[in-house]
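Asks: Sharing a structure here in structure tokens format.
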Amino acid sequence: MLLEMILAISIFYLLITLSWPWLNPNKSSANLDGYANKITTLLRNARILSIKNGHDVIANIDIGGKKIFINESDAIFLPEDIGVEILSSESCQISSFYFAIIFRPDGTNCGGVIRIWRGGRFFNIKINWLTGAIRAEGE
């Protein structure tokens, strides 16, 4: 009797452990964290590439297509349920739905904030125009 009860409890905990990723209500916010980190890494890589090679590197942001890229091989595509908006200077804005953050070899850029959200969760990826520092902050 005791052995059967221990076996039943063990199977129950095994099933809960295996099914937790599908039951977790915070799954979408973790996914949003991942996209914020990917965008931050892409922008940092653009800055490093510019300084290393001594020429401008452009990070393109297509709001309509929900695509952020330096070149086509490293593009980040945001899912339809993630919203995106940008606050930046006019020098970064190509059109109302297309932005180009230009990283210069001296570390400067046109600066701005890329805001992504899903549901009630927000992330701001802040790009300092003078120092080139890039960081993601959740709300």
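Every read-out reported here was derived from the displayed coordinates using simple, explicitly stated rules and does not represent laboratory data. Model, not experiment: these values are computed from the prediction. Here Cβ is always computed from backbone atoms with ideal geometry, including for glycine, and neighbour counts include all displayed protein chains.
Asks: In which sequence would 57, 84, 113 go, from the one with the fewest C-beta neighbours within 10 Å to the one with the most?
Replies: 113, 84, 57
Asks: On to the next question. Determine the relative contact order of the chain: mean sequence separation of Cα pairs under 8 Å and six or more apart, normalised by residue count, in whole percent.
Replies: Relative contact order here is 21 percent.
Asks: With everything on Cα atoms, drop me the angle between helix 2-23 and the longest principal axis of the chain, reported from 0 to 90° to the nearest 10.
Replies: Helix 2-23 sits roughly 20 degrees off the main axis of the chain.
Asks: For residue 67, list the aspartates and glutamates whose Cα falls under 17 Å from its own Cα; do not include residues on the same chain fewer than 8 positions away.
Replies: The reachable aspartates and glutamates, counting only those whose Cα sits under 17 Å from residue 67, are 33, 80, 81, 85.
Asks: What ranking of 17, 108 emerges when the number of other C-beta atoms within 10 Å of each C-beta is taken as an exposure proxy, fewest first?
Replies: 17, 108
Asks: Convert 20 °C to kelvin, take the viscosity as 1.002 mPa s, use the Kirkwood radius over C-alpha pairs of the chain as Rh, and evaluate the Stokes-Einstein diffusion coefficient in µm²/s, rounded to a whole number.
Replies: In µm²/s, the coefficient rounds to 127.
Asks: Under 13 Å from a label point 7 Å along Cα→Cβ of residue 56: give me every residue in segment 94-120 with its amide N that close.
Replies: Correct set: 94, 100-106, 108-111.
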